[in-house]
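The values are calculated or read from the model by the stated rules, or taken from the named source; none is laboratory data. Everything numeric here is computed off the predicted structure, so don't read it as measured data. All Cβ positions, glycine included, derive from the backbone under ideal geometry; neighbour counts span all protein chains shown. Calculation scope for accessible area: heavy atoms of the full protein, side chains included, ligands and nucleic acids excluded. Shrake-Rupley method; radii C 1.70, N 1.55, O 1.52, S 1.80 Å.
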Amino acid sequence: MNNPGKFIVFEGIDGSGKSTQCKLLHRKMNQYFGSCHLTCEPSERPVGKMIRDIFSGKLPMDNLVVAGLFVADRLDHLVNKEDGIINLLKENTHVISDRYYLSSMAYQSVFASMEWILKANEQARQMLKADITFYLDLDPEKGMERINHSRDSKEIYEEMEHLRTVHHNYQKALEWQKREENIIVISADQPTEIIETIIWSEVQKLF
Ligand code: TYD
C-alpha cells in the first residue's frame, strides 16, 4: 500500500500452524529484507488484553461487545504511538501480523452479520490493507486434532462445531475479499518446510 515497509498477514483457523509460519518468516525477513516486526491480534495492548481476559473466562462479555473490542484493538494496533503498525511501515520496518480483519469476518460473524463486521472494520480497511495475506487452509477436524495434541486447556473458542462454522465463514470472507486483496490460499495439511517455501517465494515477489 505504498509504504516502504511491507505488511504481511497470516490467517487461518486455530491449529492451522500460522504462528509457526509467522515466526519462520519473521526470522527470514530480518535476515534478507531488513528490520521486521512480528505482532498479533488480539494485540498485547490494553484492549487486546481485555479480549484475552474475556476468552479465558475471567471477564464475562456479550459477543457483540467482543466484536466491537476487536475493532478497537485493531485501530489501536494500527495507530498507537509506541509501535503502531502504520508508523512502522512508514519508517521502512516490515510488519507480520498473526491475524487481521479477516479473522473478525470469520470469528465474529458467528454472532453477527458479516456485512456489519465488514462495515465496522471499514476504517481499518481504508487505512491499511495487507500487501499479502496468507490463508492457511485446514479442515476443522484436523485443526481440532492439532489443538488437542498441542494444548492442555481448551479455550471457549476451540470447540469442534465452532471451528467448523469459523472455517465456513473464512471461505465466505475470502470469496468476498479476494477481488480486492492479494490473498494466497495454502493448504496447511502439508509439511511445515513446504509451506514455508511457498510463502517465501510469494514474499520475494513483493520486492
Ligand atoms: P490466536 O491467534 O489463535 O491466538 P493463540 O495463539 O493465543 O490461540 O487468536 C486467539 C483467538 O482470537 C482465536 O481463537 C481467534 C480469535 N479472534 C477473533 O475471534 N476475532 C479476531 O478479529 C481476531 C484477530 C482473533
Item to check | Identity of the residue in region 17-55, part of a strand (DSSP E or B) and hydrophobic (A, V, I, L, M, F, W, C), that ends up nearest to the chain's Cα centre (by Cα) | outcome: CYS40
Checklist entry - Picking from ASP53, ASP62, which residue would you name as being more than 11 Å from the ligand (Cβ to nearest atom), exposed (fewer than 15 other Cβ atoms within 10 Å of the Cβ), of a type in the set (Asp, Glu) and within 23 Å of MET144 (Cα to Cα)? => result ASP53
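Output the residues belonging to region 62-109 that are among the β-branched types (Val, Ile, Thr) and without any contact (Cβ under 8 Å) to a residue 24 or more places away in the chain.
The first filter runs over region 62-109 and keeps only residues among the β-branched types (Val, Ile, Thr), leaving 65-66, 71, 79, 85-86, 93, 95-96.
Listed by number, the list holds a single entry, VAL65.
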Next on the checklist: Going by what's in this entry, would GLY48 be described as touching a strand residue (DSSP E or B) at 6+ places or on another chain (Cβ under 9 Å), over 26 Å from PRO191 (Cβ atoms) and open to solvent by less than 50 Å² (accessible area, probe 1.4 Å)?
Outcome noted: yes
Next on the checklist: Looking at ASP189 and the list (1) outside any loop (DSSP other than H, G, I, E, B); (2) modelled with pLDDT of 90 or more, which single condition is not satisfied?
Outcome noted: (1)
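So that you can scan it fast, the table gives a plain yes or no per residue for (1) closer than 22 Å to ASP73 by Cβ; (2) open to solvent by less than 20 Å² (accessible area, probe 1.4 Å):
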residue	(1), (2)
ALA106	yes, yes
VAL110	yes, no
LEU118	yes, no
LYS178	no, no
ILE184	no, no
PRO191	no, no
GLN204	no, no
Item to check | Which listed residue is touching a Pro at 6+ places or on another chain (Cβ under 8 Å) and crowded, with 20+ Cβ neighbours inside 10 Å, from LEU89, LEU102 | outcome: LEU89
Next on the checklist: Against the condition of a type outside the set (Gly, Ala, Ser), at pLDDT 95 or above and assigned to a loop (DSSP other than H, G, I, E, B), how does LYS58 come out, does it pass?
Outcome noted: yes
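Being farther than 18 Å from ILE199 by Cα and touching a residue at least 40 places away in the same chain (Cβ under 8 Å) is the filter; apply it to region 130-146 and report the residue that is most open to solvent (accessible area, probe 1.4 Å).
Ranking the qualifying residues of region 130-146, first place goes to GLU145.
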Checklist entry - For region 1-41, how many residues meet the condition of being surrounded by 16 or more Cβ atoms within 10 Å (Cβ to Cβ), at pLDDT 95 or above and on the phi > 0 side of the Ramachandran plot? => result 2
Checklist entry - Taking interchain pairs and intrachain pairs at least six residues apart, which have beta carbon atoms under 6 angstrom, with the first residue in region 1-17 and within 18 Å of SER104 (Cβ to Cβ) and the second among the acidic types (Asp, Glu) and not in a loop (DSSP other than H, G, I, E, B)? => result PHE10/ASP98; ASP14/GLU158
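Restricting the search to region 110-129, which residues are among the charged types (D, E, K, R) and either within 13 Å of the ligand (Cβ to nearest atom) or touching a residue at least 12 places away in the same chain (Cβ under 8 Å) (or both)?
Selection gives ARG125, LYS129.
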Next on the checklist: Given the condition outside any helix (DSSP H, G or I), at pLDDT 95 or above and under 14 Å from the mean Cα position of the chain (by Cα), answer yes or no: does some residue in region 73-89 qualify?
Outcome noted: no
Next on the checklist: Please determine whether any residue of region 165-185 is over 16 Å from the mean Cα position of the chain (by Cα) and either modelled with pLDDT under 90 or of a type in the set (Val, Ile, Thr) (or both).
Outcome noted: yes
Checklist entry - Which of the following residues is modelled with pLDDT under 95 and more than 15 Å from the ligand (Cβ to nearest atom): GLU141, GLU158? => result GLU141
